[in-house]
Amino acid sequence: MPLAHKDRKPLIIFLGAFVPLWLVIFSSCQSHQHTDKKIFHYNESSGLASLDPAFAKNKQVMWTVHQLYNTLIEIDSNMQMKPSLAKYWTISDDKLVFTFYLRDDVLFTDDACFADGKGRKLTAHDVEYSFKRIVDKSTASPGAWIFNNRVDSANGFKAIDDTTFQLKLVRPFQSILGILSMQYCSVIPKEAVETYKTDFRRHPVGTGPFSFVAWEEGQALILKKNEHYFEKDAEGKSLPYLDGIKVSFYDSKATEFLEFQQDRLDFIDDIDPSFKDEVLTKTGNLKKTWLDKIELHKHPYLNIEYLGILVDVNNELVKNSPLRLQKIRQAINYGFDRRKMMLYLRNSIGIAAESGFVPAGLPSFDPVAVKGYYYDIAKAKQLLAEAGYPDGNNLPVIKLLTIPIYGDLGTYIADELLQSGIKVEVEVIQKSLLMEQTSKSQATFFRGSWIADYPDAENYLGVFYSKNPAPPNYTRYKNPSFDELYERALAEKNDSDRYELYRQMDRMVINDAPVVPLWYDMAIHLVHKNISNFYPNSLNLLELRKTKKI
């Protein structure tokens, strides 16, 4: 839902300096006619809670923060680390000290928090301040966990000089580079936080490709091109190409779709089930009536949808459950057709999860090296018989907990499993209750999903590390051999060797079957044909630096 409407008076006063841009934007909002200004329009149906990077915990905030700020490192389209504010970095032999050498040509945008209102040069001291602010309890950042038990709490962040920043770990953790690419780690100026205090959430000051103009909560957010942005294209032309961004906050997906149809939004993210079949064929392509009007963009999205199984044998619920038996869990994995599920329930949006828990889109993903489960009813029946329940005789009914939007999915799986003799009762509950029960180990069989926080398979395999609580270890999986490999992988600097360790762990999880992988997700965008160079990555970040609008 949109956020509460705020007093408009501060907005009107603030806009005085930007009247020309606003006149263009508002005229464009009304008719969306082409002008000499190229404004990119999109909608956030869930609203926007903050523009403070320390609170970039969901897609809505992350997308906006990515336009306004930069991080030391970022992720390219191939899910590889590349420099951003940092030109390059080195790692000490003991793998505990990461030294980053910063660009010296990056400016914060002009703002009243600076002397004379002119944006100053970014330094390593800003990086130190930004990271310390994340872990400062007074900030209350939901991102504080990214450094907990990983970075030296006493001397973990240090500006050596204006262009050199050092990060010290308490133990080797190669995935720290992925964490530094997260929007939580955007670099901010201390002056802005001290000037605006709690209002910093709605008055961002960054170094990103776009700068803040105004935000009327629940109505619109306006950003304009940062004329002093440091990045250039291959031909030496300054980025970004767009003149600005306008974000609307229609809470209705139907309204959003109508606005898109009427050319008042340049793209929409995902397709609501209410009009999915109107736009897409069962094979996930545009229907003929739409081919000449819009483009369909699909790409892997680092999210896995799965069913989780509680496997803590010390839990009373597990002691009395047939799910305590590995062969029953394996039989469930073999007992339904994932490909048919994707075709009829998902319009082929996503990839049937017939490999491991680590999804497609990550560099370490290898469906040949990690063989998962596929539909094989004969194998499911064989495993049931070996577990002592031939044809499912005397097998107790298994209850599956899911949430309303996945009720049809649960019903499909239950119907499929019945063919091999596995009886599943689907119970639909609210998401908050499901999260509570899984966190307290009160659900033996439940629907779940895991979206990457950073692009490394460790983020997924940590779900099964026995020393992790729930979350993320909702299944309470414990395997000493897995834990040993996981700890080795944390310290492995060589990517190829680390990826092989990941695959070994993934194979263990698949064999032990504390989860039933369903599908590897796919981000889907509907885009107007006058938009080009619009290529989100597998983290589904909104990337607009090189986007063009005709």
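The values are calculated or read from the model by the stated rules, or taken from the named source; none is laboratory data. Note that the coordinates shown come from a computational prediction; the quantities given were computed from them, not determined experimentally. Counting neighbours? That spans all protein chains shown, and the Cβs are built from the backbone with ideal geometry, glycine included.
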From the options PHE212, PHE147, residue that is buried (at least 20 other Cβ atoms within 10 Å of the Cβ), under 21 Å from ASP453 (Cβ atoms) and not hydroxyl-bearing (Ser, Thr, Tyr): PHE147
message: Looking at the stretch 138-193 only, could you name the residues that are touching a helix residue (DSSP H, G or I) at 6+ places or on another chain (Cβ under 8 Å) and charged (D, E, K, R)?
response: ARG150, LYS158, ASP161, ASP162, ARG171, LYS190
- request: Out of LYS399, LYS340, LYS371, report the one residue that is among the charged types (D, E, K, R), assigned to a helix (DSSP H, G or I) and surrounded by fewer than 20 Cβ atoms within 10 Å (Cβ to Cβ).
  value: LYS340
field: the stretch 73-103, residues that are more than 22 Å from ALA491 (Cβ to Cβ) and touching a Lys or Arg at 6+ places or on another chain (Cβ under 7 Å)
entry: GLU74, ASP76, LEU85, LYS87, TYR101, LEU102, ARG103
task: Kindly establish whether THR64 is modelled with pLDDT of 95 or more and either part of a helix (DSSP H, G or I) or over 26 Å from LEU122 (Cα atoms) (or both).
output: yes
field: Residue that is in contact with a helix residue (DSSP H, G or I) (Cβ under 6 Å, 6 or more places away or on another chain), hydroxyl-bearing (Ser, Thr, Tyr) and at negative phi, where the choices are TYR460, TYR477
entry: TYR477
- prompt: Is it true that LYS95 is buried (at least 16 other Cβ atoms within 10 Å of the Cβ) and of a type in the set (Lys, Arg)?
  reply: yes
field: Odd one out for VAL527, checked against (1) within 30 Å of HIS41 (Cβ to Cβ); (2) touching a helix residue (DSSP H, G or I) at 6+ places or on another chain (Cβ under 9 Å); (3) not acidic (Asp, Glu)
entry: (2)
Only listed residue being of a type in the set (A, V, I, L, M), buried (at least 18 other Cβ atoms within 10 Å of the Cβ) and at pLDDT 95 or above, chosen from ILE328, ILE349: ILE328
message: Take ASP233 and tell me if it is closer than 17 Å to LYS549 by Cα, acidic (Asp, Glu) and not assigned by TED's automatic domain parsing to the domain that holds LYS118.
response: yes
message: I'm checking my understanding of the structure. Among residues of the stretch 51-68 that are within 18 Å of LYS224 (Cα to Cα) and of a type in the set (A, V, I, L, M), which one is surrounded by the fewest Cβ atoms within 10 Å (Cβ to Cβ)?
response: MET62
message: Need the failing condition index for LEU362 against (1) surrounded by fewer than 21 Cβ atoms within 10 Å (Cβ to Cβ); (2) of a type outside the set (Gly, Ala, Ser); (3) at pLDDT below 95; (4) out of contact with any helix residue (DSSP H, G or I) (no Cβ under 7 Å at 6 or more places or on another chain), just the number.
response: (1)
- request: Kindly establish whether TYR250 is out of contact with any Leu (no Cβ under 8 Å at 6 or more places or on another chain) and either free of Cβ contacts under 8 Å to residues at least 60 places away in the same chain or not assigned by TED's automatic domain parsing to the domain that holds LEU85 (or both).
  value: yes
